[in-house]
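Report on the structure given below.
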Amino acid sequence: GGPFVAYSDGELVVEQVPIRKLAAQHGTPLFVYSQAAVLSALAAYQRGLAGRKSLICYAMKANSSLAILKLLADAGCGFDIVSSGELERALAAGAEPAKIIFSGVGKTRQEMRQGLQAGVGCFNVESLAELDVLNAVALESGLVAPVSIRVNPNVDAKTHPYISTGLKGNKFGIAHEDALMAYQRAAALPGLRVVGIDCHIGSQITEEAPYLEAMERVLDLVTTIEAAGIPIHHIDFGGGLGINYNGDTPPPADALWARLLARLDARGFGDRTVLIEPGRSLVGNAGVCITEVQYIKPGEQKNFCIVDAAMNDLPRPALYEAFHQIVPVQPREATAIEYDVVGPVCESGDWLGRDRALAVQAGDLLAVLSAGAYCMSMSSNYNSRPRAAEVMVDGEKSRLIRAREDVRELWRLESV
Ligand code: LLP
């Protein structure tokens, strides 16, 4: 879990706060985040981009907690948003509109209007049809939409197929071959002002090579587009940098960006503003999900450790067969047994970890690590389960940043 989640005196702490205390105070399942871990992950990017015209736009889909957004906004970040809900959240957390970029393949007219009126810094457009609609909405609103076109560099990010986005044959971006034509179209539309180019090749990328390859292809396009008389002010390289879930060794953000920027300079594009859209790598390893063991259920083929967190709280294992480390909050001196760690939801897909060696008893607390990204933000109320509470730790202090949902809130909008 890194230096911010560690054992101290035989129990797991987040920064200086024992998880045992937080669970006693707030109940389980509970997400706990380390403020220092978020800021330290951000600092690596800031070092990497130091001295550069640049903007880090946190991809808030990874974790859209207002407290996390505020922390990052105060630290100078912009935001990568994909819906009007995310726009309103970012603004509510104090984001500067000009530092917001609006991504997504399916923006509605309403979302475009709202983004324009708020004054977002850029719309990352993903199709010719969207260019036309955005132009029309801008003209109706009497505004000009700053645009970037998401190009698909056709690079294999070598990650899970569900989170790989830079290859031909997925719904994202405009094919490399069509990019010049799309830029010429954008430049000719009076409601649009071309400001940049963007790409995003996937998520949980653990190698440098796909980034370099995507950069080369995007820079080739910048050359072509500018030769056609359309200046490209900023280049947005997307997000995607992976984290260590289970011995993964992604390049550190500062080292990666030192290399990428060296290449950018070597190709003569060192004067452009660099934008990036990291999500997971800023928050993923800053969060843990605390859960209490409910039952130990031995079986002929498998032993089950049934906990009070489930696929609705932490859907990554069920969705992607993702691996999250699961560790005891207060380790016992006993022989470990292999368990499937499962939740109470009525689905066989409701598991958090398989074949995990644990020495546990009912009532023990477990911590699911690397749970800061794409866990709470993808949680649901399946099985009428109220969403978990969230706590932010800062040194010796902790504060509740989202109260546990009250079950009555789940049917507040319903009628019979
Ligand atoms: N920019 C764009 C346009 C994106 O689509 C994404 C993520 C990001 C930036 C941020 O990517 P990151 O730095 O977080 O890798 N739910 C999946 C991940 C889905 C990623 C979607 N797009 C998971 O739990 O692994």
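Counting only residues 5 or more places away or on other chains, whose amide H sits under 5 Å from the amide H of E207 once H atoms are built in the peptide plane?
Sorted by chain and number, the residues that satisfy this come to none at all.
May I ask you to order 173-181, 299-307, 68-76 by the average number of other C-beta atoms within 10 Å around their residues, highest value first?
On the way: 173-181: 17.4, 299-307: 15.2, 68-76: 19.0.
Taking the mean over residues of other Cβ atoms within 10 Å, the ranking is 68-76, 173-181, 299-307.
Test of understanding: ordering C346, C77 by Cβ neighbours within 10 Å, fewest first, what list do you get?
In increasing order of surrounding Cβ atoms, one gets C346, C77.
Anyone know which of A227, A362, A322 comes out most mobile in the 10 Å Cα GNM of the chain?
Result: A227 has the largest fluctuation of those listed.
Which order do S103, S83, S203 fall in if you start with the one that has the fewest other Cβ atoms within 10 Å? Working shown, then result.
Details: S103 27, S83 18, S203 24.
Lowest count first: S83, S203, S103.
Mind listing the phi-derived Karplus ³J(HN,Hα) values for segment 332-338, rounded to whole Hz, using 6.51, -1.76 and 1.60 with θ = phi - 60°, and x for any glycine or proline?
9, 7, 7, 6, 7, 10, 7
Which of S281, S377 comes first, and how do the rest follow, when ranked by fewest Cβ neighbours within 10 Å? Provide the component values of the computation, followed by the final result.
Working: S281 27, S377 17.
Listed from fewest to most nearby Cβ atoms, that is S377, S281.
About the Cα centre, and with charges only on the beta carbon of Lys, Arg (+1) and Asp, Glu (-1), how big is the dipole of the chain? Nearest 20 debye, please. Don't skip to the end; give the middle numbers.
Values: 38 positive and 48 negative charges, 121 e Å.
That gives a dipole near 580 debye.
Mind pulling the per residue volume of the convex hull built on the Cα atoms of the chain? Å³ is fine. Kindly include the intermediate steps, with their values, before the conclusion.
On the way: hull volume 62.8 nm³, N = 416.
Dividing the Cα hull volume of the chain by its residues yields 151 Å³.
Past the 27 Å Cα-Cα mark, which pairs from K61/K99; K53/K397; K21/K302; K61/K297; K70/K171; K99/K397? Before the final figure, lay out the partial values.
Numbers: K61/K99 16 Å; K53/K397 35 Å; K21/K302 32 Å; K61/K297 36 Å; K70/K171 32 Å; K99/K397 30 Å.
Exceeds cut-off: K53/K397; K21/K302; K61/K297; K70/K171; K99/K397.
If I take every Cα pair under 8 Å that is 6 or more residues apart in segment 35-283, average their sequence separation and divide by the length, what percent do I get for the relative contact order?
Values: 494 pairs, mean separation 55.9, N = 249.
Dividing the mean separation by the residue count of segment 35-283 yields 22 percent.
Per DSSP H run of at least 4 residues, take -39500 (n - 2.57); add these up for the chain, divide by its residues and hand me the 222 nm value, nearest 500 deg cm²/dmol.
Details: 11 runs with 116 residues, N = 416.
Calculated at 222 nm, the ellipticity per residue is -8500 deg cm²/dmol.
Please figure out what share of the DSSP beta bridges in segment 35-283 is antiparallel and state it in percent, rounded to the nearest 5.
Numbers: 1 of 30 bridges.
The answer is about 5 percent antiparallel.
Can you tell which of F79, V147, I276 lies farthest toward the positive end of the dipole of segment 35-283, using +1 and -1 charges on the Cβ of basic and acidic side chains (Lys, Arg; Asp, Glu)?
F79
Can you list residues whose amide H is under 5 Å from Y58's amide H, if they're 5+ apart or on another chain and H is modeled 1.01 Å from N?
Amide H to amide H, under 5 Å and 5 or more residues apart or across chains, Y58 pairs with G78, F79, D80.
Read the figures in this text as sums done on the coordinates, not as results from a lab. All values derive from a computational prediction rather than experimental measurement. Glycine also receives a Cβ, built like all others from the backbone with ideal geometry; neighbour counts cover every protein chain displayed.
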